[in-house]
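What follows is a set of notes on a single structure, which appears directly below.
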Amino acid sequence: TIRKYEAFLAAAKEADVSLPDDSEFINSLKRVFTFSDFVFKSCTRNPEFLKDLHESGDLQRTFVTGEFREKLISYLVEVKNEAQLSRQLRRFRQYHMVRIAWRDLAGWANLSETMEDLSALADACIDQTVFFLNQWQCLKYGIPTAHEGTHQQLIVFGMGKLGGQELNFSSDVDLIFAYPETGTTQGGLESINNEEFFVRLCRQFIKIIGANTPDGIVFRVDMDLRPYGESGPVVMSFDAIEAYCQEQGREWERYAWIKARVVAGDKTAGERLIESLNPFVYRRYLDFGAFESLRNMKQKISLEVKRKHMSHNIKLGLGGIREIEFFGQIFQLLRGGVNQSLQDRRIVTILKTLLGEGMIDRDTCDELTAAYSFLRYVEHRLQEFSDQQTHDLPKDDIGKLRLSLSMGFPNWDAFAAQ
């Protein structure tokens, strides 16, 4: 910690950045540097980050709904091309990831705030990237238009933890792209069909958001949940998605669509598609036929964990995060069509609903909620150390001690017992 602190002071001095005369701030800085190489390196390379975070008050307070989007809009106001957009997005992301990690490690934010902030940051970056790329592409090809003349927009669905606004620190973003209707573009230098327009837009989006440049990445994009998986089209019309779900949709895809949320584009149209897929996701009867396929899904996960020796993986290992989510979502698939209160995206809300509906007892609800919270805190502490997507508990003594202390335990034995 002393070595890191001195290295940061030297970098700050060289950048002519002075630290505030605030003992609470300095103590939290030392604590955060101890538990996060990512924050230490980001602040040492850009000492002005810390100055701006402290002077703006961003570090010391909770953001309100929509604040990330407003801040990003003003941050991108001078952007004129894709290279500038790429650079500014990455700088914005790094600044706010430092803030989020800091508030978590210093104990200034609870788990709910951390997950909501990470999700809102991703939402803002996805929303604004779609906005700029769509504008620039419309100048060349015109506006995508349906056959009866209505303008079409890309819709981006956040799936998984992004959809549930439960994103973890170094998470991929699971996305599905869609557009309402087929047709052609109108009013541009050349006309193309809507599908081609949106395919180009999506490919450019994935490159801007997911490419690893000298400035890092914004978010890794995972599209495996789309219809037909890896071999499927990048983007599909609403009719094509509905037909696929009706004719070929599998149980795990019902499971995936539970968390679907519109994160960018035409939100009204996006909600319309989610509503039309509701009978596919939530059957209007007690769906006991789902038992076997859900059991098979669970068995596949367990075999993968065993094959890859992942017993120390807090997400997929025995008693890990995935098992808690699986427990709640099984009730959603079986009973969600009959009981609409189970049609929620957040696992903690679902556990409370199951308790309120008398489907589980108080002890089960409390135990699973506490375990979920504990494991998600561990997940963030693991990933905040170097902004790497890991779920494995450390094997080295220093890593074990660092994780234990960051979680408020005096040593590894006490942490491991919990």
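Quick look at the values:
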quantity	calculated
Extension gain, ALA414 back to ASP222 (0.36 nm per residue minus Cα-Cα distance, nm)	65.5 nm
Segment 133-164: chymotrypsin sites (Phe, Trp or Tyr not before Pro) in DSSP loop, at most 11 other beta carbons within 10 Å	none
Long-range amide H partners of GLY183 with built H, under 5 Å	ASN194, GLU195
3J(HN,Hα) from dihedral phi, segment 300-314, Karplus parametrisation 6.51/-1.76/1.60, rounded to Hz, x for glycine, proline	4, 4, 4, 5, 4, 4, 5, 4, 9, 6, 9, 5, 9, 8, 6
Listed peptides 29-37, 163-171 by packing density, highest first (mean Cβ within 10 Å)	163-171, 29-37
Where a label projected 7 Å from the Cα of LEU19 along Cα→Cβ would reach, residues of segment 98-134 with amide N under 20 Å	98-108
Correct choice for Cα Rg over 2.2 N^0.38 Å that was computed from the model, options [x] 1.20; [y] 1.15; [z] 1.05	[z]
DSSP bridge orientation in the chain - percent antiparallel, rounded to nearest 5	75 percent
The chain: relative contact order as a whole-number percent, Cα under 8 Å and 6+ apart	15 percent
Antiparallel bridges, percent of DSSP beta bridges restricted to segment 86-229 (to nearest 5)	85 percent
Estimated distance in nm for a label pair at ASN193 and TYR285, the labels positioned 7 Å out from Cα along Cα-to-Cβ	3.9 nm
Over segment 304-418, volume per residue of the alpha carbon convex hull, in Å³	120 Å³
Highest average packing first - 210-223, 104-117, Cβ atoms within 10 Å	104-117, 210-223
Nearest-0.05 FRET efficiency for ALA371 and THR1, computed from C-beta distance (R0 25 Å)	0.20
Sites matching chymotrypsin sites (Phe, Trp or Tyr not before Pro) across segment 299-333 that sit in DSSP coil, with at most 10 neighbouring C-beta atoms within 10 Å	none
Segment GLU70-ASN278, length gained on full extension (0.36 nm per residue, minus Cα span)	71.7 nm
Relative contact order, percent, segment 188-294 [alpha-carbon distance under 8 Å, six or more residues apart]	20 percent
Protein accessible area in the chain, 1.4 Å probe - carbon and sulfur %	50 percent
Amide H partners (placed H, <5 Å) of ASP222, local residues excluded	VAL173, ASP174, LEU175
Among 313-322, 90-99, the order from most to least packed when residues are scored by Cβ within 10 Å on average	90-99, 313-322
Per-residue [θ]222 nm for the chain (sum of -39500 (n - 2.57) over DSSP H runs n ≥ 4, rounded to 500)	-18500 deg cm²/dmol
Part-to-part distance (alpha-carbon centres) for segment 1-20 and segment 197-228, which is given in Å	36 Å
Solvent-accessible area per residue, Å², over the chain with all protein chains present [probe radius 1.4 Å]	47 Å²
Separation of alpha-carbon centers, segment 303-373 and segment 34-103, rounded to whole Å	33 Å
Separation of the GLN84 and LYS395 label points, Cα + 7 Å toward Cβ, nm	4.9 nm
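The values are calculated or read from the model by the stated rules, or taken from the named source; none is laboratory data. From a predicted model like this one, the values you see are computed outputs, not experimental measurements. Please note: Cβ atoms are built from the backbone with ideal geometry, for glycine as well, and neighbour counts cover all protein chains shown. These area figures cover heavy atoms from the full protein model, side chains too; ligands, DNA and RNA do not enter into them. Shrake-Rupley method; radii C 1.70, N 1.55, O 1.52, S 1.80 Å.
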